[in-house]
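A quick write-up on the structure given underneath.
The values are calculated or read from the model by the stated rules, or taken from the named source; none is laboratory data. If you're wondering where the values come from, they're calculated on a predicted model, not measured in any experiment. Using ideal geometry, Cβ is built from the backbone for each residue, glycine included, and neighbour counts are taken over all protein chains shown.
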Amino acid sequence: MKKYLKNFKKNTELALPIFFSQLGALSVNFFDNFMIGLLGKKSLASVSLATSTFFIVIIFGLGISTAISPLITYVDAKKEYKKGAIILFHGLIMNTFLSIIMYIMVYIFSYILPYLGQPKEVLHDSISFLRIISITFVPWMIFEVFRKFSEGLSLNYPSIIVVWSSSILNIILNYVLIKGSFGFPKMGVLGVAYSTLISRIFMLFVMILLLRKQKKVHNYYCNIQFFFKKKYFAEILRIGIPSGFQMLFEFSTFAVSSFISGRCGLKILTAHQIVLNLVSSSYLLSTGLSIAATVRMGQQVALKNYHKLKTIGTSIFLMGIFFMLICSFFFLFFRKEIPRMYIKNDEELFSITEKMIIISSIFQIFDGLQGILMGALRGLQDVQIPMYIIFFSYWIIAIPLAFLLSNYMDGSGVWMGLGIGMTISSILLFIRYDFIINQICKKNIKKNI
């Protein structure tokens, strides 16, 4: 038990700063949806479609960025500062290029959106919103390189400062631009898009300034060399592409689920967006443990402390299960109050949302556990097979089931299909994790004999 308590403490030290960082990001999401909800169901549904489309694309880029953390963790444990600086530079070049490609893709897609069978009354605002926030691809993708670099060095406090300061800025700008206060034009829904754009540019510049003040970072900055080598791009992409597809397969499933819900009507789509915000919130908060798993696993592999891997993994999984149980009980207990925070005076919508919340709460543990398992496997630099597991669980199981059940159970059927996909994903990922850990331990025992 003592060895687990010791690991609980270390896990918390890594995960807690990330937890508060994610909490800052979620506060923006909450206030965005709260303020948009005051404008009515139409505005909330419009933003739901736009953000679903946006995240289908950005999530792949964010997934590629996750390769930076384990690579930096590995070289930092070995004090290979020059190689770490080269990885940082190549990551910045790669993400800048990717962000421009993503912007072009989304801008072209905005012309296709009207032909996808979505409610006509939301299309104009959705398209305008999408075109504005797609500009944020560039600052966000560059910011993510610095953020993952910082996490790889176990420097999590710069992210907290950046995210919370930008969150406060975003909330203030929302109030000013949505209502047209202090002489600014009244922009409504588009005010949220412009607030997001400004705050993400702010995030990038503040992160650069804060990292410059970190002594640990100087070891890398002074070794940066401005040259390109294919092998470093290949090293990042070796982990980044499968990780990107993992996240793309998973998050695009939830984006597609919004389109499936949209087929069922405006109220179903609005209820779905409310529940999606809840589930996304608990998942994002649990990513602190996922990143802790990546960093701690990566460190032990670099230092060849293979005997510690199982204990570290088990301790993080137990913490994840406990946290997601709390989230599940919270959602169930406040299921009647939650939809009333977004929309006023619509009993039919409240009833629909409550049913969806009950179903999504049942699968909370599996949702959190699969994210932590992916983090642990990423730390072990095992990303190829998990990518196929996510694809199978979500695109072969969850989406067809969600579509089929939506014809009989509307929005509740969508969440039932998604929940089954989460469950299968977490079971298969655990089997893969157990196999890899046992394989590493066996190889290490043979070497020592």
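Each row is one residue, and each column tells you yes or no for (1) modelled with pLDDT of 80 or more; (2) in a helix (DSSP H, G or I); (3) more than 22 Å from L153 (Cβ to Cβ).
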residue	(1), (2), (3)
Y220	yes, yes, no
F233	yes, yes, no
I236	yes, yes, no
I241	yes, yes, yes
S258	no, yes, yes
- line: Residue pairs within 9 Å by beta carbon, gap of at least six or interchain, first lying in the stretch 55-74 and under 9 Å from F149 (Cα atoms) and hydroxyl-bearing (S, T, Y), second at pLDDT 85 or above and outside any helix (DSSP H, G or I), listed first then second, are T73/L153
query: Within the stretch 424-432, can one find any residue that is part of a helix (DSSP H, G or I), out of contact with any Phe, Trp or Tyr (no Cβ under 9 Å at 6 or more places or on another chain) and over 18 Å from Y283 (Cβ atoms)?
result: yes
message: I need the full set of residues from the stretch 342-360 which are basic (K, R) and not in a helix (DSSP H, G or I), in order please.
response: K344
task: Would you be able to tell me the number of residues in the stretch 381-391 that are surrounded by 23 or more Cβ atoms within 10 Å (Cβ to Cβ) and either more than 17 Å from M422 (Cβ to Cβ) or among the polar types (S, T, N, Q) (or both)?
output: 1
task: Any residue in the stretch 147-171 that's in contact (Cβ under 8 Å) with a residue 40 or more places away in the chain and under 21 Å from A67 (Cβ atoms): show its pairings with residues that are part of a helix (DSSP H, G or I) and of a type in the set (K, R) at Cβ separation under 6 Å, as long as the two are six or more apart or on different chains.
output: L153/K216; S159/R147
message: Is it the case, given these coordinates, that I208 is surrounded by fewer than 23 Cβ atoms within 10 Å (Cβ to Cβ), in contact (Cβ under 8 Å) with a residue 60 or more places away in the chain, among the β-branched types (V, I, T) and assigned to a helix (DSSP H, G or I)?
response: yes
- prompt: For the stretch 151-170, which residues satisfy the criterion of being more than 17 Å from the chain's Cα centre (by Cα), surrounded by 22 or more Cβ atoms within 10 Å (Cβ to Cβ) and of a type in the set (S, T, N, Q)?
  reply: S166, N170
statement: When the stretch 380-413 is checked residue by residue, the ones that are at negative phi and charged (D, E, K, R) are D382
- prompt: Do you know which residues across the stretch 428-444 are over 23 Å from L303 (Cβ atoms), of a type in the set (A, V, I, L, M) and touching a residue at least 12 places away in the same chain (Cβ under 8 Å)?
  reply: L428, L429
- request: State whether one or more residues within the stretch 329-339 are at pLDDT 85 or above, surrounded by 19 or more Cβ atoms within 10 Å (Cβ to Cβ) and part of a helix (DSSP H, G or I).
  value: yes
Count - residues of the stretch 93-117 that are surrounded by 17 or more Cβ atoms within 10 Å (Cβ to Cβ), free of Cβ contacts under 8 Å to residues at least 60 places away in the same chain and under 30 Å from N223 (Cα atoms): 3
- prompt: In the stretch 188-205, is there at least one residue being touching a residue at least 12 places away in the same chain (Cβ under 8 Å), among the small types (G, A, S), surrounded by fewer than 17 Cβ atoms within 10 Å (Cβ to Cβ) and in a helix (DSSP H, G or I)?
  reply: no
Within the stretch 397-449, considering residues that are more than 30 Å from N277 (Cβ to Cβ) and among the aliphatic types (A, V, I, L, M), the one modelled with the highest pLDDT: I431
query: Across the stretch 392-411, which residue is farthest from P242 (Cα to Cα) among those that are surrounded by fewer than 20 Cβ atoms within 10 Å (Cβ to Cβ) and touching a Leu at 6+ places or on another chain (Cβ under 9 Å)?
result: L401
query: Is there a residue being farther than 26 Å from L285 by Cβ and either touching a strand residue (DSSP E or B) at 6+ places or on another chain (Cβ under 6 Å) or surrounded by fewer than 24 Cβ atoms within 10 Å (Cβ to Cβ) (or both) anywhere in the stretch 58-75?
result: yes
